[in-house]
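Take a look at the structure below.
The values are calculated or read from the model by the stated rules, or taken from the named source; none is laboratory data. Please read all numbers here as calculations on a predicted model, not as lab measurements. Cβ: placed from backbone, ideal geometry, glycine included. Neighbour counts: every protein chain shown.
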Amino acid sequence: MDSKASEKIHCLIIGSGPAGYTAAIYASRANLKPVLYQGIQPGGQLTITTEVENYPGYPDGVQGPDMMVHFEKQAARMGADIRFGLATKVDFSQQPYKVWIDDEKLLEADAVIIATGASAKWLGLESEQRLNGFGVSACAVCDGFFFKGKDVAIVGAGDTAAEEALYLSKICTTVYMIVRRDEMRASKVMQERVQRTPNIKVYWNSETEEIIGEKKTEAVRIKNIKTGDTQTIPISGFFVAIGHEPNSGIFKGWLTMDEAGYIKTQPGSSKTNIEGIFAAGDVQDKIYRQAVTAAGSGCMAALDAERYLGEKGLH
Ligand code: NDP
């Protein structure tokens, strides 16, 4: 088939995390014949995490990547058309709604469910960008292995940073945790685990000034915000775990968002400001951000889409 040709579909789902796949399961069972585009990270953020202990139905826990394979298989078994490709542009000015995949293929859909999730934030240092892939990473689970028996640093103080520091502590010799305040945002249980781990050393009230190294990461220079003292710590790996931002860029100008770019949905629903366009998962949720809440909102989006298509006589 000509990849440039447009294709008319009933229900398009953009994104392949828990929200996207759950929407696909429900939409398939409602006979909406959904087409799901996976984006650049099939399975979403859970594919870069380790053990998930808080998703109901897995009494012994489950590895994040395995769980997402289960989600995908279930959606495929229900009949969802799952494809690899990234939505790069949209035109929501009229029905059917237009979405371009990989800048070339045009899809026209009666209903669109946006489940594009969120992505890791970076500090914004020149050295961080230059050494990205040369010791600098935003995913301890993906890259920790490369620093076996070495010293590494991790910046951040939320649950992600705590979880990743613990993960790294099992592989690396010493993990230096750089925390910008005198307390952590992470849950109590995670903080306690960090503090009980002898090879994690926390630097409080500290910010990263520079990652040092020409072709690979060799050290990090940190500054104590209270005293102004700086110090250089030799490391081989530098991990960034300072939160996420919603993947909503291509919808700017069409959909109502908050100041951070999270898509606004009407309370108690997945409806956006445009009828027939629905949002689910982390792209519209900065509060809960859990796999189970994302899955729940994906279910809501599919039910909202089904109702909308029925009311419009499109289904
Ligand atoms: P958070 O937004 O919770 O935390 C981000 C952390 O990074 C904060 O400690 C923040 O510091 C710090 N930070 C932000 N910007 C900078 C910067 N420029 N320099 C230095 N530090 C910075 O993000 P997380 O990804 O950790 O967690 C997101 C959500 O996911 C949370 O709700 C969390 O509970 C949840 N989660 C749950 C898990 C689980 O249940 N197993 C695992 C992982 C995440 P400050 O505190 O000073 O603002």
*Hey, Lys33 hits all of (1) touching a residue at least 12 places away in the same chain (Cβ under 8 Å); (2) on the phi < 0 side of the Ramachandran plot; (3) surrounded by fewer than 22 Cβ atoms within 10 Å (Cβ to Cβ) but one; which does it fall short on?*
(2)
*asked:* Taking the criterion of being crowded, with 20+ Cβ neighbours inside 10 Å, of a type in the set (A, V, I, L, M), away from the ligand (no atom under 14 Å from the Cβ) and part of a helix (DSSP H, G or I), would at least one residue in the stretch 96-105 satisfy it?
replied: no
*Selection count, the stretch 131-168, where residues are within 16 Å of the ligand (Cβ to nearest atom), in contact with a strand residue (DSSP E or B) (Cβ under 7 Å, 6 or more places away or on another chain) and assigned to a helix (DSSP H, G or I)*: 5
*Quick check: is even one residue across the stretch 289-307 assigned to a loop (DSSP other than H, G, I, E, B) and either under 27 Å from Glu128 (Cβ atoms) or more than 20 Å from the chain's Cα centre (by Cα) (or both)?*
yes
*If you scan the stretch 223-243, which residues turn out to be touching a Phe, Trp or Tyr at 6+ places or on another chain (Cβ under 6 Å), surrounded by fewer than 21 Cβ atoms within 10 Å (Cβ to Cβ) and not in a loop (DSSP other than H, G, I, E, B)?*
Ile233
*asked:* I need every pair where a residue in the stretch 92-121 that is at positive phi has its Cβ under 9 Å from the Cβ of a residue that is at pLDDT below 95, sequence separation at least 6 or different chains.
replied: Asp102/Ser3; Gly117/Gln41; Gly117/Gly44; Gly117/Gln45; Gly117/His244
*What residue, of Lys215, Lys201, is surrounded by fewer than 16 Cβ atoms within 10 Å (Cβ to Cβ) and either small (Gly, Ala, Ser) or within 14 Å of Leu131 (Cα to Cα) (or both)?*
Lys215
